[in-house]
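Peer 1: Take a look at this one; I'll ask things after.
Rule-based calculations on the coordinates, nothing more; no lab input. Keep in mind that what you see is a predicted model, and the values were worked out from it rather than measured. Every residue, glycine among them, receives a Cβ derived from its backbone with ideal geometry; neighbour counts consider all protein chains shown.
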Amino acid sequence: MSRLTPPVGADDHALGPADAPVTLVEYGDYECPHCGRAAPIVERVVRRFGDRLRFVFRNFPLTEMHPHAEHAAEAAESAGAHGGERGFWAMHHAIYAHQQDGPDALGDARLAEYAGELGLDGRAVLADVRAERSAERIQSDFMSGVRSGVNGTPTFFINGRRFDEAWDDEGLSAAIERAGARGQA
């Protein structure tokens, strides 16, 4: 069973309390259709578990298959730089909400539009994307995925252990329940 390397740290994008009994980490690609299907499932699981769960997202853009994935990750990171964690998560959700809106849904102009709709400076986000200001951060996430045995997206880890079961509502929820029970034993 693969282990998360490195473990979750202060620089990770996280929803939920740091002391939650369960941490769910996703390595995702914003253009991956499987990640797009997983996004609302993860949102429901996060809501269901509330303060008992911390959710962390790490970038794993598969650029050979998904030509817009890198820029989408850059846009989410830029939104975080301009709007803090709220900005990152708002852009994260917006990208997945629009992912299937057509061939240009994740093009640079649309990414700038989404940022503007969120109250961020779309031009500044676009400038960051084009300058690859977050390339080092994205590469660091990607390499941590490689070290952790990630070979596709989405890949999930629960409390540092790779989760290879069905990532539907029931599968993720049951695994989180089990991990929470182990943590309280």
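Peer 1: If the only charges are +1 at each Lys and Arg Cβ and -1 at each Asp and Glu Cβ, what is the size of the charge dipole of the range 13-184 around the Cα centre, to the nearest 20 debye?
Peer 2: 640 debye
Peer 1: In a shell of Cβ-Cβ distance under 15 Å around GLY116, excluding GLY116 itself, what net charge do Lys and Arg (+1) and Asp and Glu (-1) give?
Peer 2: Result for the neighbourhood of GLY116: -3.
Peer 1: Counting only GluC sites (Glu not before Pro) that are in a DSSP loop and have at most 15 other C-beta atoms within 10 Å, tell me the longest site-free stretch of the chain.
Peer 2: Result, exposed sites excluded: 65-131.
Peer 1: Still on this structure, please answer the following. Based on the alpha-carbon set only, what is the convex hull volume of the range 13-184 divided per residue, in Å³?
Peer 2: Taking only Cα atoms, the range 13-184 has a hull volume of 106 Å³ per residue.
Peer 1: Right, next: Give me the compactness ratio for the range 1-71, meaning the Cα radius of gyration over 2.2 N^0.38 Å.
Peer 2: Taking N as the residue count of the range 1-71, the ratio is 1.18.
Peer 1: Could you derive backbone 3J(HN,Hα) for the range 147-161 from the dihedral phi with the Karplus parameters 6.51, -1.76 and 1.60 (θ = phi - 60°), listing whole Hz in sequence and x where the residue is Gly or Pro?
Peer 2: Karplus values, whole Hz, x for Gly and Pro: 5, 8, x, 6, 9, x, 10, x, 10, 10, 10, 10, 6, x, 10.
Peer 1: Here's a follow-up. Semi-axes of the equivalent ellipsoid of the range 85-185: what are they in whole Å, largest first, if each equals the square root of 5 times a C-alpha gyration tensor eigenvalue?
Peer 2: Working from the Cα gyration tensor, I get semi-axes of 32, 17, 14 Å.
Peer 1: Mean residue ellipticity at 222 nm from the helices of the chain, using -39,500 (n - 2.57) per DSSP H segment of n ≥ 4 over the full residue count, to the nearest 500 deg cm²/dmol?
Peer 2: Only helices count here, giving -17000 deg cm²/dmol.
Peer 1: Where q = 0.16, 0.28 Å⁻¹, what log10 of I(q)/I(0) comes from the Debye formula for the range 66-119, counting one point per Cα?
Peer 2: At q = 0.16, 0.28 Å⁻¹ the computed log10 ratios are -0.37, -1.12.
Peer 1: Give me a comma-separated list of calculated 3J(HN,Hα) values for the range 86-102, in order, Karplus coefficients 6.51, -1.76, 1.60 applied at θ = phi - 60°, integers in Hz, x for any Gly or Pro.
Peer 2: With coefficients 6.51, -1.76 and 1.60, one gets 4, x, 4, 5, 5, 5, 3, 5, 5, 4, 5, 5, 9, 3, 9, 7, x Hz.
Peer 1: Of THR153, THR23, THR63, which is the most mobile in a GNM of the chain whose springs link Cα atoms less than 10 angstrom apart?
Peer 2: Greatest mean-square fluctuation among the candidates belongs to THR63.
Peer 1: Rank ARG47, ARG110, ARG133 by mean-square fluctuation in a GNM of the chain with C-alpha springs under 10 angstrom and give only the top-ranked residue.
Peer 2: The residue with the greatest mean-square fluctuation here is ARG47.
Peer 1: For ARG54, enumerate residues with amide H under 5 Å from its amide H, sequence gap 5+ or separate chain, H modeled in the peptide plane.
Peer 2: Residues meeting the amide H criterion: VAL22, THR23, LEU24.
Peer 1: Next up: Quick one: what are the phi-derived ³J(HN,Hα) couplings along the range 47-63, Karplus 6.51/-1.76/1.60 with θ = phi - 60°, whole Hz, x for glycine and proline?
Peer 2: Once rounded to whole Hz, the list reads 5, 4, 8, x, 6, 7, 9, 10, 10, 10, 10, 10, 6, 9, x, 8, 5.
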